[in-house]
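Any read-out appearing in this document is the output of simple, stated calculations on the displayed coordinates, not a laboratory observation. Quick caveat, the model's predicted, so the values are computed rather than measured. Using ideal geometry, Cβ is built from the backbone for each residue, glycine included, and neighbour counts are taken over all protein chains shown.
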Amino acid sequence: MASFILASQSPRRKSLLEWAELPFEIIVSDADENYPDTMLISEVPAFIAKNKALAVEQKVANESPTLGAHCIIAADTVVVLDETIMGKPIDREDAIASLMKLSGKTHEVITGVCLLYNGKAETFSETTQVSFHELTKTQIEYYVDEYKPYDKAGGYAIQEWIGVVGIQSIQGDFYNVMGLPVSKLMQKIKQLGLMD
């Protein structure tokens, strides 16, 4: 069985892999998260995930060349509204503006995942539709001030207060919105013969 490396400092992804009872260590990727302007939005998360995995593979080769068989798991999540990727907010005003745009609308959350093993990269993506109730400015300001969602795509985390109060419905994998479609990931790991 391969040893697993999570190429992420996200506490949500760490928790999801722990819940799946997959043994792993964390090596944080310092990969560039840029992508070509001409790339289809649906392909962006998997492209960035692959770059993260390759960056960690390089780090492993330089720092732990004797490490045995291992599989690197990398992921990237984007929030898409009206064919536009909504990035992580840069400050309070940006976070409030992002949530005002999402209020009362349905958006997509796309997570791209890369499994890098034996020099081969397997990528896939998962898409979940998320619909928000109409949110008041007071609710949005409260959430931003209390939870400071500056490290989160689209400026929110579904597992926090805003998800409980503000989300009307989701279609698809809930955990995908948290940052990792862990059920699909575990199926892929089994298909590749990386665990029993």
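Legend: distances between Cα atoms for Lys52/Lys88; Lys50/Lys184; Lys52/Lys105; Lys101/Lys188; Lys59/Lys152; Lys52/Lys188; pairs beyond 28 Å are Lys52/Lys105; Lys101/Lys188. Using a 7 Å offset from the Cα along the Cα-to-Cβ direction at both Glu83 and Asp196, what is the distance between the two label points in nm, to one decimal? Output for this residue pair reads 5.1 nm. Averaging the sequence gap over all C-alpha pairs within less than 8 Å and six or more residues apart, then dividing by the number of residues, gives region 3-191 a relative contact order of 22 percent. For a Förster distance of 30 Å, can you work out the FRET efficiency between the beta-carbons of Asn34 and Thr106, rounded to the nearest 0.05? For Asn34 and Thr106, the calculated efficiency is 0.60. Loop-located GluC sites (Glu not before Pro) in region 109-196 (DSSP state not H, G, I, E or B) with no more than 11 neighbouring Cβ atoms inside 10 Å: Glu134.
Each of Gln9, Ile167, Met195 was scored by the projection of its Cα onto the charge dipole of the chain, and the greatest displacement toward the positive side belongs to Met195; charges sit on the C-beta of Lys, Arg, Asp and Glu.
For the chain, the mean residue ellipticity at 222 nm estimated from helices alone is -11000 deg cm²/dmol, where every DSSP H run of n ≥ 4 contributes -39500 (n - 2.57) and the total is divided by all residues, rounded to the nearest 500. In this simple spin-label approximation, Glu43 and Val165 carry label points 7 Å from Cα along the Cα→Cβ vector, and these lie 4.1 nm apart. Here region 3-191 is assigned +1 on the Cβ of each Lys and Arg and -1 on the Cβ of each Asp and Glu. Its dipole about the Cα centre then comes out at about 460 debye.
Once the C-beta distance of Ile26 and Lys137 is scaled by a Förster radius of 45 Å, the resulting FRET efficiency is 0.75 to the nearest 0.05. Ordering Glu21, Glu108, Glu33 from the fewest to the most neighbouring beta carbons within 10 Å gives Glu21, Glu33, Glu108.
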